[in-house]
Amino acid sequence: MENGSRRKPLSSDFRISENVSASAKHRPWSLRLMSLLVVSIALLLAMVGAATWNLRTQQIWGGWVAHSNQVRYELLQLLELLIDAQTGARGFSLLGSDRALQAYNEATPRIEPCLERVQQLISDNPKQRPLGAQLEGLANEVRVFNETLLNEARNGNAARVRSLLTDGHIDDVMASARRLVAEMQAEEDHLLIERRLTRDRARRDATLALWGTGGLGAILLVLIVYFTRRDEARLHLAERELATMLRSIGDAVIATDVAGTIRFMNPIAAQLTGWDETSARGHPLTDVFRIIGEETRAPVESPARQVLEGGRVQLANNAVLISRDGSERAIADSGAPVVDESGNVQGMVLVFRDVTEQRRAERALQQRDAELQIINDYARFPIARCDPQHHYLFVNKAYAERLGSRPEDCIGKHIRDVAGERAYQSIRHYMDEALAGRVVEFETEIPYAGNLGQRWMHCIYAPVRDTDGMVRSFVAAVTDITERKAAERELERSRAALAETDRRKDEFIATLSHELRNPLAPIRAAAKIIASPQVPLPQVQRAQVIIERQVTHMALLLDDLLDVARITQGKLTLKKATVALFDVVDAAVEAVRPTLNAKNHQLSLNLPTEPVSLEADPLRLSQILSNLMINAAKYSDPGSHIELAATVEGDAVSLSVKDDGIGIAPQSITGIFDMFSQIDAGTGRSDGGLGIGLALVKGLTELHGGTVEARSGGLGFGSEFIVRLPLVRREAASPLATDPAPAVSVRRRILIADDNQDAAESLSMLLELSGHEVRIAHQGRDALAIAQTFRPDTALLDIGMPDLSGYEVARALRQEPWATRLRLIAVTGWGQEDDRRRALQAGFDHYLTKPIDPDHLESLIAGQSMEYS
Ligand code: ADP
């Protein structure tokens, strides 16, 4: 990647440098011009050839013309010589004239050579040759006649002479000679005309060819001059352009000759090397261009040598240029040879650039790449990048692994093919939004294909823009929030449950205050009745019964409350014993009998005939049954039928309380055992309650290792509550642990300390009625003071007193030497387990919650029970 990014621009530099050498060997003329020139020269040569040939032809035919003229001349000469010789011979023979003889003598010897010349001249003409032979014969005849005539004349044979001259023979011969010469001349004339014509034609053609040659040569010359000039101008311009270009390009350029001596250097090269062009010119390249390896710091061979020797383009990367002043720069360089037309290296061009910044950027990029790689490999949240057609361009490891794949298996694939069609469709419009240039953040449930299944995902899709601002892809960063969503739903449910509990609690508090206030009214009224002196005794007794009943009711309510609180805190402990089921049922029935009677209900018991033993807390077990029966009584119309049944089922006993009362709506059954749960008051609830009775039943049952279930056919169809408990098969059960033993009548000295005067007074009266000696204090300090003199053997101390708390008083009393056998009983409205523990630590022996059960108190005072209640 590093090399690729660095070499790419350099390779374009090479093109520049190759263009440089191309410019240097720029062809002067174009191919077309060259072809034209070649054709022109060929034409020119053809014309010269034609001219030469025609001149030669003209010369030959000129010779032939002269030949014919010569023939004509020689024929004429011969004829004249024949005539002169004949005339001379005739003149001499007739007149004896010496002048005639002289003429004869001069002409005769020339006839023979002349005839030979004629024969010679016409020897190549088959037509003339026979004529020449005839002419020769005639010439011989003339010569013989002349000699004969002269001989006759010299012999003075005048008659013979006359006869010879007049017989006409010689005249015929001469006439024949003349005709023959004329014929031969005519023949030559004919030849002469032809030969002249041919000669003249050749001369004309030669003239034309010479003119053409001259003209074409002139045009060629002009063209050559024109194009040469033009190319020179172009070359010059190209050189200037090249120089300007090399000076103005952003890269440094140095050109050397074949020996590596610098001939040219552009300003950038001057700047990078620290040499100016003038001083650098003529220096060896190695002086000016000094480079070392970027990593090795060792001198690096300049590319110049290889370029010049090898004639090839060379690259050198990762080099550092040391400039004239010693400063260093990372450079990327390349060299290209300059070759001439014949392919010989004439020099080189070195192109280089400062890549310091580029290297820095590359290193930063590498660093970022490495960081990105780490994110890709180790980031736990899935990331992907997709193209506009929804194909993966990139996915990190986490993304691929989620889809049960590897990044290389996802890249290039369509989202549909990797995540599934339904998943793709569910996110498609978000992707389109991102590709439209918006960042989209959303949470959605995606139905993935394969094992992944339906997952809640938090997704951010962000568009990725190119340098031109166009969105070419988008990045998706996704987080699986299925667990978080489930937790949120759970939280929502818990919130709703909490709100429901809260609502129930508020309702409970309202109900509680109502339930507690209810008994107060009759108590107050009854107290008033008792206080009135004129009220008859029966009414006083009735009032007492009312007070007793209401107080019992309130005490029950408060006990239930405390029990529930203990169960929820896990602090209620069972006093288990092996008990007989019948006894427990008896106790429970006894407890609810007044309630059943009050509403005139019918109770039927359906119990096993065999005795059944349970490992249980008898009090709590009967509390479970009585609570269920009281509910059955409460939620049934007067005179209804209630059934208590027990069945043994394997190792468990199932206790069922069934009524035919108002029943329970199906939707209410589920939460009926929850704390404070009360079905709408409009269901016709017949008696008050706090909505904790069934919670208590459930808690107590579970403490016994059992289960409880509610059933109903719906509103108006009665209800059934079934408690299942583990069974212990025993023949006989121990008696109920709760059976209170009769109180032993012992007179005690009792100190009562309570800031509530009424409470203290009423308790005092009660105890005095039982025969005890009682003192009262309303503050802690008073109690201590009284104790010092009174020396009680029992102290009933309220905890919350204004000056000293009951704990403090107890602790102080426990310090007294006389108080070793003192029985300390805490009497308080606080019934929490914590309060009991603190009381114990302070030295109390017993802990009673208000209102106190007088019988229980009596037994404690008598010293028969050491149990806390
Ligand atoms: P409460 O003090 O209101 O009776 P419980 O916890 O005992 O509280 O009962 C909770 C609610 O269950 C009651 O308010 C009543 O609506 C319903 N319920 C309990 N027992 C019966 C029953 N035998 N028949 C119909 N409804 C019942």
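The values are calculated or read from the model by the stated rules, or taken from the named source; none is laboratory data. In this text, all values refer to a predicted model and were calculated from it rather than measured experimentally. When we count neighbours, we look across all protein chains shown, and the Cβ atoms used for this are built from the backbone with ideal geometry, even at glycine. Calculation scope for accessible area: heavy atoms of the full protein, side chains included, ligands and nucleic acids excluded. Shrake-Rupley method; radii C 1.70, N 1.55, O 1.52, S 1.80 Å.
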Query raised in the report: Any idea what the relative contact order of the chain is, in percent, if you count C-alpha pairs under 8 Å spaced at least 6 apart?
Result: 6
Requested in this report: Would you please give the FRET efficiency between residue 169 and residue 123, computed as 1/(1 + (r/R0)^6) with r the Cβ-Cβ distance and R0 = 22 Å, to the nearest 0.05?
Outcome: 0.15
Query raised in the report: Calculated from DSSP H runs of 4 or more alone, at -39500 (n - 2.57) each and per residue, what is the 222 nm mean residue ellipticity of the chain, nearest 500?
Result: -19000 deg cm²/dmol
Report summary line: Once amide hydrogens are built 1.01 Å from N within the peptide plane, the residues lying 5 or more places from residue 603 or on another chain with amide H under 5 Å from its amide H are 642
Query raised in the report: With Rg and the Kirkwood Rh both taken from Cα atoms, where does Rg over Rh land for segment 24-182?
Result: 1.50
**Report entry** In Å, descending, principal axis extents of the Cα set of segment 105-185
**Finding:** 46, 23, 14
Query - Label-point separation, residue 80 to residue 190 (7 Å along Cα→Cβ), nm - result: 2.6
**Report entry** residue 300 long-range amide H proximity, modeled H, under 5 Å
**Finding:** 291, 292, 293
Report summary line: Rounded to the nearest Å, the spacing of the alpha-carbon centers of segment 492-567 and segment 89-129 is 199
Query raised in the report: Based on DSSP, what percent of beta bridges with both residues in segment 508-657 are antiparallel, to the nearest 5?
Result: 65
Report task. Please turn the phi angles of segment 361-367 into ³J(HN,Hα) values with the Karplus equation 6.51 cos²θ - 1.76 cosθ + 1.60 (θ = phi - 60°), one per residue in order, whole Hz, x for glycine and proline. Result -> 4, 5, 5, 4, 5, 4, 4
Query raised in the report: So for the pair residue 490, residue 226, with labels modelled 7 Å out along Cα→Cβ, what separation do we get in nm?
Result: 10.0
Query - Percentage, to the nearest whole number, of Cα pairs in segment 440-597 over 26 Å apart - result: 66
Report task. Taking only protein heavy atoms into account and a 1.4 Å probe, give the accessible area per residue of segment 304-377 in Å². Result -> 51
Query - Three semi-axes of the equivalent ellipsoid, segment 423-469, Cα gyration tensor, whole Å, largest first - result: 25, 10, 8
Requested in this report: Pull up all non-local amide H partners of residue 455: gap of 5 or more, or a different chain, and H-to-H distance under 5 Å with H placed in the peptide plane.
Outcome: 446, 448
Requested in this report: Heads up, I need the accessible area for residue 148: 1.4 angstrom probe, whole protein in place, Å², nearest 10.
Outcome: 40
Report summary line: The helix 2-24 Cα axis meets the longest alpha-carbon principal axis of the chain at an angle in degrees, between 0 and 90 and rounded to 10, of 20
Query raised in the report: Taking a label point 7 Å from the Cα of residue 405 along the Cα→Cβ vector, which residues of segment 429-454 have an amide N closer than 15 Å to it?
Result: 448-453
**Report entry** Restraint check, 575/850; 575/698; 485/571; 505/634, Cα-Cα greater than 25 Å
**Finding:** 485/571
Requested in this report: Kindly state, to the nearest 0.05, the FRET efficiency for residue 33 paired with residue 134, given R0 = 45 Å and r defined as their beta-carbon distance.
Outcome: 0.05
Requested in this report: Please arrange 350, 516 by accessible surface area, largest first, computed with a 1.4 Å probe and ligands excluded.
Outcome: 516, 350
Report task. Write down the radius of gyration of segment 744-869 and its Dmax, each obtained from C-alpha positions, in Å. Result -> 12.8, 35
**Report entry** Segment residue 575-residue 325, extension gain: residue separation times 0.36 nm, minus the distance between their alpha carbons
**Finding:** 79.7 nm
**Report entry** Table column - 3J(HN,Hα) (Hz), segment 413-422, Karplus curve with 6.51, -1.76, 1.60, x for Gly and Pro
**Finding:** 8, 7, 4, 4, 6, 9, 9, x, 4, 5
**Report entry** Paramagnetic reach from residue 451 in segment 386-409 [backbone N under 18 Å; point 7 Å along Cα→Cβ]
**Finding:** 397-409
Report summary line: Calc'd 3J(HN,Hα), segment 119-125, phi into Karplus 6.51 cos²θ - 1.76 cosθ + 1.60 (θ = phi - 60°), Hz, glycine/Pro = x, comes to 4, 4, 5, 9, 4, 8, 10
Query raised in the report: So, how do all the Cα-to-Cα distances of segment 299-407 break down into 10 Å bins, in percent, from 0 on up?
Result: 13, 24, 18, 16, 18, 10, 1
Query raised in the report: Stretch residue 45-residue 367 to full length: gain in nm at 0.36 nm per residue minus the Cα-Cα span?
Result: 108.4 nm
Report summary line: FRET efficiency (residue 593, residue 534; Cβ distance; R0 41 Å; to 0.05) is 0.70
Requested in this report: Quick one: go through segment 796-828 and flag any residue whose amide nitrogen is under 11 Å from the point 7 Å out along the Cα-to-Cβ line of residue 790.
Outcome: 796-797
Report summary line: Stretched fully, the stretch from residue 609 through residue 541 gains (0.36 nm per residue minus C-alpha distance, one decimal, in nm) 20.2 nm
**Report entry** Kirkwood Rh, angstrom, the chain [1 / mean 1/r, Cα pairs]
**Finding:** 45.4
Report task. Using only protein heavy atoms and a 1.4 Å probe, report how much of residue 489 is accessible, in Å² to the nearest 10. Result -> 120
Report summary line: For residue 634, the accessible surface traced by a 1.4 Å probe with all protein chains present amounts, in square angstrom to the nearest 10, to 20
Query - Heavy-atom SASA rank of 524, 428, 201 (probe 1.4 Å, accessible area, largest first) - result: 524, 201, 428
Report summary line: With bins of 10 Å, the percent of all Cα-Cα pairs of segment 404-525 per bin from 0 is 11, 25, 21, 11, 9, 8, 7, 5, 2, 0
